[in-house]
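The values are calculated or read from the model by the stated rules, or taken from the named source; none is laboratory data. In this text, all values refer to a predicted model and were calculated from it rather than measured experimentally. Glycine gets a Cβ as well: all are built from the backbone with ideal geometry, and neighbour counts include every protein chain shown.
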Amino acid sequence: MESTGESLRFDILGNLPLELVLKIVDYLSFNDVLNCQGVSLTWNGALNCDPIWRRYFDYELPDKEANFRRDFRGFPIQPCNYKQKVLNQKRILSNWYENKFERFVVKENFLFAAYDGTTLAAYSDHPKHGLLVYRIERGKPVRTQYLPIKQRGTCGVLTNTEYIVVVLWSLFIIYRISNAKKPVYKVAYILERRKGGQVGKVDNFRDALDGKYHCSVISTLDLLRIDSDICLINNTIFIYHAADRALCAWDLEKEELILKKSSPESASHFRHGLIADKEQVYFAAECISVYSSQAELQYRIDERLGFNSKLLVNRNLLVVPGVSSISGFDKYSGQRVFEMPHNSSSLLLNPRLDILYCVIDYTCDHLVLTAYDINAKQSIWEKISDNLLLYDTILVNEKCIIIPSKPELFTLIDTVTGNIVYSNDAVNNCKFLLARHDILICVDGNSTFMYVYS
């Protein structure tokens, strides 16, 4: 006969159907689920399924490959697909925080670079002019292609892996991937910006590739700025013509213009009014318009906010810096969430947490970086510059702010506490080019240094 103690012992989680296990997990944090998996092999198996771990996966971060034997040693059973993805994302964040990286030197001077988490596209002017394509695989940059470009006047590069767009003053060279298994890019066609804010295909794009095409620039306002006048979302490229006050959207796959919108003459030449995340495009002129990736208007914010700096967006908010105040809106509905005064010279927004970072320039040698909790409506920390070059501050991820510093290459600061985590030593006279996802790139004029954190 069973004793009373043994009769009361019953493995609740191990004997429940998956639907009820998911309901229980709704009340548990990420660390709670990890701890529960350590209770027994039965619990480990019950919680080792994609529906549970998918809810912790950050779709804003790239889906980097994971090596089970290298990355998850010590696990009693192989983690399910989404658990591997989630732990891999956590590992990359931890590597940034703990300064774990591999450094690679490339004997080309990158002028512009774009990286979407999979494909790194870079335009180099030394020793040759052209487009270099890399894949970051297993923590290493692997060059897959070199594409010569003789046409001068490069303004920037965009990529989403399926397409690479090289911006050459009034031209856009559109490269399309031709083989997904062995990524090879070929020129699909070339777009040209025309008077009146029009966009159209160039008939003979070989002349542009050979450097024989005449790029007509209407005025200095017509020169594109890669961070404020052009963005790539899915298979659509949005272009803002400041000189003509016109916004265009071109479907790269269908090869057709799907949006042409002009702003009234009274609208200012706003140079920071076009940004995108993975879901929507946000455009500010006389008001704020939000579009889908297919250039369908989602909503408008008709308030005249007096734009003063670059629009900011994270997973919840659209933040609009004005001349004397900052306004925040729900990025899906356009409803106002907050408003606060400011006198900042530049702003950053945490990609996951609703924390705003304000750089205030009191004097030339007295810069202050302040973190402001939007929900609590209060400042949470403040950092006064000494050897930190706050005007070049880069927000890498939810945990790390990189600030160029002297004599070091950069100083990494915790986004939540404001504590200095570490300083990375400089390499010659390097300057920052890109810091995103799992790579940091800096150049010294002859070589490019890649720090890979995956």
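Listed here are the residues, each with its yes/no results for (1) in contact with a Cys (Cβ under 9 Å, 6 or more places away or on another chain); (2) at pLDDT 75 or above; (3) among the hydroxyl-bearing types (Ser, Thr, Tyr).
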| residue | (1), (2), (3) |
| --- | --- |
| Pro351 | no, yes, no |
| Asp354 | no, yes, no |
| Val368 | yes, yes, no |
| Asn375 | no, yes, no |
| Trp381 | no, yes, no |
| Asp386 | no, no, no |
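Checking Tyr175, Tyr115, Tyr163 one by one, the residue that is outside the structural domain of Val33 (by TED's automatic domain parsing), over 20 Å from the mean Cα position of the chain (by Cα) and farther than 30 Å from Asn48 by Cα is Tyr175 and no other.
Of all residues in the range 84-131, those satisfying the criterion of being out of contact with any Leu (no Cβ under 6 Å at 6 or more places or on another chain) and among the aliphatic types (A, V, I, L, M) are Val86, Leu87, Ile92, Leu93, Val105, Val106, Leu111, Leu120, Ala121. Considering Val202, Val217, Val184, the condition of being surrounded by fewer than 21 Cβ atoms within 10 Å (Cβ to Cβ), modelled with pLDDT of 80 or more and in contact with a Ser or Thr (Cβ under 9 Å, 6 or more places away or on another chain) is satisfied by Val184 alone.
Residue check: Gln151 meets all listed conditions (1) crowded, with 18+ Cβ neighbours inside 10 Å; (2) in a strand (DSSP E or B) but one, namely (2).
Tell me, please, whether a residue that is outside any strand (DSSP E or B), farther than 25 Å from Ala249 by Cα and of a type in the set (Lys, Arg) can be found in the range 309-318. No - not one qualifying residue is present in the range 309-318.
Is it the case that the range 129-145 has a residue that's closer than 23 Å to Ile439 by Cα and either among the polar types (S, T, N, Q) or in the same structural domain as Arg206 (by TED's automatic domain parsing) (or both)? Yes: the range 129-145 contains one or more residues that are closer than 23 Å to Ile439 by Cα and either among the polar types (S, T, N, Q) or in the same structural domain as Arg206 (by TED's automatic domain parsing) (or both). In the range 291-349, of all residues being more than 26 Å from Ile413 (Cα to Cα) and of a type in the set (Val, Ile, Thr), the one that is farthest from the chain's Cα centre (by Cα) corresponds to Val323.
Keeping to the range 430-454, report how many residues are over 18 Å from Lys399 (Cα atoms) and hydroxyl-bearing (Ser, Thr, Tyr). So the answer is 2.
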